[in-house]
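Only one structure is covered here, and it is reproduced in the block below.
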Amino acid sequence: MTAMTLSQVTPGSVPVVTLPLVTAIEHTWSAIRERHPDVPPVVVTLGSGTLGERGQQRLGHFAAGRWQVGNDQHAELFVGGEGLQRGPSDVLATLLHEAAHGLASTRGVVDTSRQGRYHNQRFRDLAVEMGLTVTSDPKIGYSPSELAPGTADEYAAQLAELSGALVAFRHPEPVGGRDRNKTAGNGVAAVCSCPEPRRIRVRSRQQFEAGPIVCGICREPFTIPEDDESEA
C-alpha cells in the first residue's frame with residue numbers, strides 16, 4: 001500500500017490514515033532504538049494533544065509501564081494529532097524528544113520536575129545525545145528542541161516514510177472549553193504510583209502545585225492524571 005501525501009488527498013475522500021502513520025512512527029522508533037539501545041520499546045497511541053481551556057498543545061509524551069503486553073509491561077508513546085501538520089522533521093524531533101525521556105527512564109535519571117513539565121539539565125544532556133538541539137524556556141526548562149545538524153541525514157529513510165504517511169492532522173479543541181484538571185467546587189484529583197493508585201483531592205491547582213504531595217506507600221509524588229474528567 002502506498003501512502004498519499006497531504007496534497008494528493010481528494011476533497012471529500014477519506015484516505016487510509018492510521019495504519020501507515022502508526023507504522024511509520026513504529027519504524028522510526030525502531031530506527032531510534034537501533035542507534036540508542038537504552039531507548040525502550042513502546043506502544044504507540046494517537047489522540048488529542050489539546051490541553052485545558054487555553055488550548056495549549058501537547059506534541060507527545062513518554063510514559064513508562066502503561067501497557068501490559070503478555071507478561072511484560074511496556075511504555076506508552078503518545079503523539080498528539082494536532083502536531084502532525086508541522087511536517088516530518090518536526091515530528092521526528094518530537095519522537096527523539098520522547099526517546100530522551102525513554103533513556104531517562106531506562107537509566108533511572110530524574111529529568112523533569114513540576115509534574116513533568118519542567119525539563120532539567122539532565123534532560124538537556126539526553127536530548128543532545130539523541131541528536132537534538134535544545135533551548136531553554138523559563139517555564140518548561142530545556143524542553144524546546146529541534147533536529148541538530150546531521151540528524152536528518154541519519155534518519156533520511158524514516159523522514160521519507162513519515163512524509164508519505166502524514167496525510168492528515170487533528171484540529172485543536174475549541175478554545176474556552178472546560179479544563180479537565182480544574183473543578184469548580186471539588187478541587188483537583190490526583191493519584192499516586194502504587195499498583196492500585198490511591199486517589200486524593202486538593203482544593204485548587206494552586207495548592208497542589210505549591211509543593212510535592214508524597215504517597216507514604218510508593219514514596220512517589222501524587223500527580224494529576226491526564227485523563228481525569230472529574231467535575232463538580
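Coordinate-derived values only; no laboratory data. This structure is a prediction, so every number in the text was calculated from the model and none was measured. Cβ sites come from the backbone with ideal geometry, for glycine too, and all protein chains shown count toward neighbours.
Descriptive notes on the structure:
- Which of C215, C192 has the fewest Cβ neighbours within 10 Å, and the rest in rising order: C215, C192
- For segment 98-150, the convex hull drawn through the C-alpha positions has a volume of 65 cubic angstrom per residue.
- Inverse of mean 1/r across different Cα pairs in segment 6-165, Kirkwood, Å: 16.3
- Of the trypsin sites (Lys or Arg not before Pro) found in segment 37-91, those in coil by DSSP whose Cβ has at most 10 other Cβ atoms within 10 Å are R54.
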